[in-house]
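Report on one structure; see the data block that follows.
The values are calculated or read from the model by the stated rules, or taken from the named source; none is laboratory data. The shown structure was predicted, so the numbers you read here are calculated from the model rather than taken from an experiment. Heads up, the Cβs are rebuilt from the backbone with ideal geometry, glycines too, and the neighbour counts pull from every protein chain shown.
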Amino acid sequence: MKVLVTGGAGYIGSVVAAQLLDAGHSVVIYDNLSKGSTHAVPVGAKLVVGDVGNRDRLRELFDAQEFDAVMHFAAWIEAGESMKEPERFFRNNSANALTLLEVMLEKGVKRFVFSSTAALFGDPERIPIEEDDPLRPTNAYGESKLLVEKMLSWFHRIHGLSYASLRYFNAAGATAERGEAHHPETHLIPLILQVAAGTRQSISIFGTDYNTPDGTCVRDYIHITDLASAHLLALDALAKRDDAAALIYNLGNGRGFSVREVIEAARRVTGHAIPAVENARRPGDPAVLVASSEKIRRELGWKPQYAELEAIIQSAWEWAQRNPNGYEG
């Protein structure tokens, strides 16, 4: 297939683009490079620089290329920032996604794989979380993604759009060529590794009074190569269906680790002390987010290869040591 990957110069999108190419697909990456890097774009993919909110630019792209499917990764991801400037997240994550979907439908492209999030669930009623559990985001980032999922449901029902919504838990780790290098960085594991590398003095723990075994937030971590493989399985599943499909899957390892446990694992992997500083809670952070991924395992045969937290951190640490300045180096 010929696949358009929006945000394909970013952390997850670039790994998915590389796996698409390895599987024999043709890939066009559309990215404004505000968060991504040209160095992350895999060899063999065509890069088109542009913004997902630019309707005319998207129309030109779809007129010039005939796409079989779109994979959408172009979104702001900082949950904490979304509680300070929610308007930015609703504009970029929700309104721009609508623009993209409108142009897709206008041009007759009806396969869509969406990078969604576990933040849709907010404070869950049960652990592990299943796909049909209540969706009650506790931050604007999660709400911005939920709005897109609602759009997709209606476009499926009314326009026959085939889509897969993949709800990530905590993406982490690296491949030999690609790793996590956000500016500014907000994710726990790369921030911890910056302390180990000596470029940050300490790691902050936001909240130590949650209802968890050690008082810190608990999250489910999943390696980016396992995330990427799920996208290809979802794309294949959509391509094999003659009628419109709506596929919704959680993506996680099914095991949670607290912030303190992640720090301890990183200390073991890196051999560094990694000082930690305790701070107050951040608004919008659920106490526990752990996935049940049984549905995608059962229906699509997805099999994550990285089940151990230390292996995930090890891959990120190796990439960080080779690329101390991220892609800028």
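Below is a table of values for the structure above.
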| item | result |
| --- | --- |
| Any hit, the range 302-319, residues being among the basic types (Lys, Arg) and at pLDDT below 95 | yes |
| Residues that are within 14 Å of Ser34 (Cβ to Cβ), modelled with pLDDT of 95 or more and of a type in the set (D, E, K, R), drawn from the range 67-107 | Arg88, Arg91 |
| Filter pass, Ser34 being within 23 Å of Asn170 (Cα to Cα) and crowded, with 17+ Cβ neighbours inside 10 Å | no |
| Of residues in the range 217-236 being of a type in the set (Val, Ile, Thr) and more than 21 Å from Gly122 (Cβ to Cβ), the one farthest from the chain's Cα centre (by Cα) | Thr225 |
| The listed residue being at pLDDT below 95, of a type outside the set (Ser, Thr, Tyr) and out of contact with any His (no Cβ under 6 Å at 6 or more places or on another chain), out of Lys35, Lys46 | Lys35 |
| Search result, residues across the range 259-304 that are of a type in the set (Ser, Thr, Tyr) and under 20 Å from the mean Cα position of the chain (by Cα) | Ser292, Ser293 |
| Selected residue (only one of Leu147, Leu193 is over 25 Å from Asp242 (Cα atoms), in the same structural domain as Asp242 (by TED's automatic domain parsing) and modelled with pLDDT of 95 or more) | Leu147 |
| Pair list, Cβ < 9 Å and 6+ apart or interchain, from the range 155-176 residues that are within 21 Å of Phe112 (Cβ to Cβ) and part of a strand (DSSP E or B) to residues that are of a type in the set (Lys, Arg) and modelled with pLDDT under 95 | Ser162/Arg241 |
| Flag if Ser204 is part of a strand (DSSP E or B) and over 20 Å from Phe114 (Cβ atoms) | yes |
| Residue check for Ala280: assigned by TED's automatic domain parsing to the domain that holds Tyr306, surrounded by 23 or more Cβ atoms within 10 Å (Cβ to Cβ) and farther than 21 Å from Pro124 by Cβ | no |
